[in-house]
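A.B. asks: Here's a structure for you.
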Amino acid sequence: MSSIEDNLKPNVILLSTSDLEQEIRQLAEELKNIKNSNDEEHKKIYTIIDNLTRNLTWINVAKSQGIWKSKTCKHVLNFACQAWNISDENKLGIPNEAIIINDDGTKRVVVSKFPEICIVCPLYEARRS
């Protein structure tokens, strides 16, 4: 019977409060280290987000200039730029839906669909009334 009684005895491990306090301190320190490393990572992420936001702001300014130029340029006829003959729109990053092909085979950019091409165009000239 003693073997059954041995199996029924509770398995209790006694720990001193100082051991528990030490373990809690260690866990608290680990959590603090994790939080600090996360704070550093968060700061890096916020810096990247700030830079992206600033860049997007400037890109939007440039896009507004492209839209304005596409509406006021003397080279735009029926919404298509007549100053540029595009040979490979994919290489230039121009969407296919922004390309028209004339009867003579020349490819033109529909600037109402892709005004970004006007942003840095060196051929821009204001339309005279």
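A.B. asks: Within the group Glu116, Glu21, which residue is in a helix (DSSP H, G or I), touching a Lys or Arg at 6+ places or on another chain (Cβ under 7 Å) and either surrounded by 10 or more Cβ atoms within 10 Å (Cβ to Cβ) or not hydrophobic (A, V, I, L, M, F, W, C) (or both)?
C.D. replies: Just a single option satisfies the conditions, and that option is Glu116.
A.B. asks: Only one of Arg108, Arg54 is farther than 15 Å from Glu125 by Cα, basic (Lys, Arg) and surrounded by 13 or more Cβ atoms within 10 Å (Cβ to Cβ); which?
C.D. replies: Within the list Arg108, Arg54, the selection yields Arg108.
A.B. asks: Pick out the one residue from Asn78, Asn96, Asn90 that is in contact with a helix residue (DSSP H, G or I) (Cβ under 7 Å, 6 or more places away or on another chain), farther than 18 Å from Val120 by Cβ, among the polar types (S, T, N, Q) and at pLDDT 85 or above.
C.D. replies: Asn96
A.B. asks: Can you pull out every residue in the stretch 119-129 that is surrounded by fewer than 14 Cβ atoms within 10 Å (Cβ to Cβ) and either assigned to a helix (DSSP H, G or I) or of a type in the set (Val, Ile, Thr) (or both)?
C.D. replies: Matches in the stretch 119-129: Val120 only.
A.B. asks: Tell me, yes or no, whether the stretch 57-72 has at least one residue that is at pLDDT 85 or above, touching a strand residue (DSSP E or B) at 6+ places or on another chain (Cβ under 8 Å), within 30 Å of Ser112 (Cα to Cα) and of a type outside the set (A, V, I, L, M).
C.D. replies: Looking through the stretch 57-72, at least one residue is at pLDDT 85 or above, touching a strand residue (DSSP E or B) at 6+ places or on another chain (Cβ under 8 Å), within 30 Å of Ser112 (Cα to Cα) and of a type outside the set (A, V, I, L, M).
A.B. asks: Starting from the stretch 82-106, take each residue that is closer than 18 Å to Ile119 by Cα and list its partners that are acidic (Asp, Glu) and part of a helix (DSSP H, G or I), counting only C-beta distances under 9 angstrom and pairs at least six apart or across chains.
C.D. replies: Cβ pairs passing all conditions: Gly93/Glu116; Ile94/Glu116; Pro95/Glu89; Ala98/Glu89; Ile99/Glu89.
A.B. asks: Among the residues of the stretch 78-100, are any basic (Lys, Arg) and assigned to a loop (DSSP other than H, G, I, E, B)?
C.D. replies: The answer is no; no qualifying residue exists.
The values are calculated or read from the model by the stated rules, or taken from the named source; none is laboratory data. Nothing here was measured: the structure is a model prediction, and the numbers come from that model. For neighbour counting, all protein chains shown are included, and Cβ atoms are generated from backbone atoms with ideal geometry for every residue, glycine included.
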